[in-house]
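First the structure, in the form of structure tokens, and then the observations on it.
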Amino acid sequence: MHNKTLSEISSGLRNGDFSSEEITRHFLNRINQLDPQFNSFIAVTEEQAIQQARQADKMISAGETQALLGVPFAHKDIFCTEGVLTTSGSKMLENFISPYDSTVAANLKRAGAVNLGKTNMDEFAMGSSNETSFFGPVKNPWDVTRVPGGSSGGSAAAVAARLAPAATATDTGGSIRQPASLCGVTGLKPTYGRISRWGMIAFASSLDQAGPITQTAEDAALMLNSMAGFDPKDSTSVDQPVPDYRANLNDSLKGLTIGLPKEYFASGLDPKLENIIQEAISEYQRLGATVKEVSLPNSSLSVPVYYVIAPAECSTNLSRFDGVRYGYRCAEPINLEDMYTRTRSEGFGDEVKRRILIGTYVLSSGFYDAYYIQAQKTRRLIQQDFVNAFEQVDVLMAPTSPSPAFKFDEKTADPLTMYLEDIYTIGVNLAGLPGISIPAGQLDGLPVGLQIIGNYFSESKLLNVAHQYQQVTGWHKAQPID
Ligand code: GLN
């Protein structure tokens, strides 16, 4: 039962092949049995899930047909979920029970989807390997000596190991696409503003965007249908109608123009990885697409620009964790300053502290112009490169990450090597564009993802392009365990 896609579960429920309670219990059992080896869940919401499933079964018997009604999934632990532990992977929120639902959680609840639990993640979504989680790293189901990617490593590992048919995730610099690539699943980062950020614990507000991690593009469309939409509670949410993202999945790709950014295929890209990406592109040519080289001349500035802007925004966003309002508070403070200092010193992990320090520095009055303003100006140039590229092509294709899953501790000693994990994904966040990673091959038995980048609000096109590939290839079906 766990090998079914979300779409297959959805139709199975409506055909009466099984009940929501049955399939929900099946996944809960699987999580209980298998997750101790992967650590992909921080909390399993068994009781609530069974309740939601029973409610869904009643509604299905009454003839309701919403696509996600009764379908189980998991939430990245960055989404506030009413009455449920919401930690953002941090000691700071180790015991935080959210009093309200994020808009994404509310939307999926309204759609009748059944939440199995909350998935593990890098602390406050800062990381590319899940090693910064207070709750311990997630292990990659393809090889438990390797990282699952991050920060949404719990969501990606859970879907790869079929502990959940789909999961929510967030992407600030690559955190949906990179773990999807390393775990061999499909991960969609929509256009900035497509999904409400309300109740999604903020890392870098001008970059954060929610999206689904699933087995297939078709399932991502199904999730996006419920996750997307205008929300007056998020001033950056865009007031645009939500189309049925499944409507164009079967469109032909004849005449599609694929742009290959030459900077992404330059020296430094592992030739074996490049071969896999080129093979995927040849598959697209067989489907009727043509290929054109394009240039993103400022792309080498993406990582440095991101590591000014993201820390700047996180340093202000994380100032709310001060021991006063909610979350961790140090024991027996002697005065207010002692409480602030020790609460934050004890509550945050090293990577989070590093970012707060960098952010505070680049925003300080002496350095604001030299770093923050300069980074904002360069961000505009990076965005303009993409705008120019999309005048010539329909989508861009590139690797998602520079290597398959790496070993634990391989990159922790040097933060800069870790930051380079997102070299192919970060530009998309800086520009606010949508991107998807789909499994496109394997290197030494480990999954490799192909990244497809689209123009603003072209999610339907991206899903169509990804789906067509999944109709003629089987990489998305490869599983690490039965
Ligand atoms: N790996 C990047 C970082 O550490 C991106 C993380 C993310 O997208 N949340 O900031």
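The values are calculated or read from the model by the stated rules, or taken from the named source; none is laboratory data. Since we're looking at a predicted model, the values are computed, not measured. When we count neighbours, we look across all protein chains shown, and the Cβ atoms used for this are built from the backbone with ideal geometry, even at glycine.
A few comments on the model shown:
- Meets criteria (within 15 Å of the ligand (Cβ to nearest atom) and out of contact with any strand residue (DSSP E or B) (no Cβ under 6 Å at 6 or more places or on another chain)) for Asn455: no
- Conditions (1) surrounded by fewer than 22 Cβ atoms within 10 Å (Cβ to Cβ); (2) touching a residue at least 40 places away in the same chain (Cβ under 8 Å); number of the one not met by Gly474: (2)
- Checked against (1) more than 16 Å from the ligand (Cβ to nearest atom); (2) farther than 19 Å from Ala478 by Cα; (3) under 12 Å from the mean Cα position of the chain (by Cα), Thr186 meets all criteria but (2).
- Set Ser205, Ser152: member being under 19 Å from Thr412 (Cβ atoms) and within 13 Å of the ligand (Cβ to nearest atom): Ser152
- Residue, nearest to Phe203 (Cα to Cα), within segment 269-311, restricted to residues that are of a type in the set (Val, Ile, Thr) and part of a helix (DSSP H, G or I): Ile309
- For segment 99-128, taking the residues that are surrounded by 22 or more Cβ atoms within 10 Å (Cβ to Cβ) and among the hydroxyl-bearing types (Ser, Thr, Tyr), the one that is farthest from the ligand (Cβ to nearest atom) is identified as Thr103.
- Scanning segment 1-56 for residues that are more than 25 Å from Ser88 (Cβ to Cβ), of a type in the set (Val, Ile, Thr) and surrounded by 22 or more Cβ atoms within 10 Å (Cβ to Cβ) returns Ile9, Ile23, Thr24.
- Evaluation of Glu218 against the conditions (1) touching a Ser or Thr at 6+ places or on another chain (Cβ under 8 Å); (2) within 21 Å of Val84 (Cα to Cα) shows that the sole unmet condition is (2).
- Taken over segment 167-218, residues that are of a type in the set (D, E, K, R) and touching a Gly at 6+ places or on another chain (Cβ under 9 Å) amount to 4.
- Flag if Glu351 is assigned to a helix (DSSP H, G or I) and more than 16 Å from the ligand (Cβ to nearest atom): no
- When residues in segment 399-423 are screened for being within 12 Å of the ligand (Cβ to nearest atom) and either under 17 Å from Phe386 (Cβ atoms) or in a loop (DSSP other than H, G, I, E, B) (or both), 4 of them pass.
- Wholly enclosed strands (runs of 3 or more DSSP E) of segment 173-268 bearing at least 2 residues under 24 Å from Lys76 (Cβ atoms) and touching a strand residue (DSSP E or B) at 6+ places or on another chain (Cβ under 9 Å): 186-189, 209-214
- Hits in segment 370-398 (condition: among the small types (Gly, Ala, Ser) and either within 16 Å of the ligand (Cβ to nearest atom) or without any contact (Cβ under 8 Å) to a residue 40 or more places away in the chain (or both)): Ala370, Ala375
- When residues of segment 330-350 are limited to those that are buried (at least 19 other Cβ atoms within 10 Å of the Cβ) and not small (Gly, Ala, Ser), the one farthest from the chain's Cα centre (by Cα): Thr343
- Here Ser437 clears all of (1) part of a strand (DSSP E or B); (2) surrounded by fewer than 24 Cβ atoms within 10 Å (Cβ to Cβ); (3) of a type in the set (Ser, Thr, Tyr) except the condition numbered (2).
- Unique match (being within 16 Å of the ligand (Cβ to nearest atom), buried (at least 16 other Cβ atoms within 10 Å of the Cβ) and under 17 Å from the mean Cα position of the chain (by Cα)) among Val428, Val448: Val428
- Between Val138, Val144, the distinction of being more than 12 Å from the ligand (Cβ to nearest atom), modelled with pLDDT of 95 or more, surrounded by fewer than 24 Cβ atoms within 10 Å (Cβ to Cβ) and among the aliphatic types (A, V, I, L, M) belongs to Val144 only.
- Some residue of segment 160-182 being within 16 Å of the ligand (Cβ to nearest atom), among the acidic types (Asp, Glu) and in contact (Cβ under 8 Å) with a residue 12 or more places away in the chain: yes
- Condition met for Ala405 (under 20 Å from Gly174 (Cβ atoms), surrounded by fewer than 24 Cβ atoms within 10 Å (Cβ to Cβ) and aliphatic (A, V, I, L, M)): no
- Any hit, segment 318-328, residues being within 16 Å of the ligand (Cβ to nearest atom) and crowded, with 21+ Cβ neighbours inside 10 Å: yes
- Leading residue by the ranking (nearest to the ligand (Cβ to nearest atom)) among those in segment 288-317 that are surrounded by fewer than 16 Cβ atoms within 10 Å (Cβ to Cβ) and under 13 Å from Ile258 (Cα atoms): Ser295
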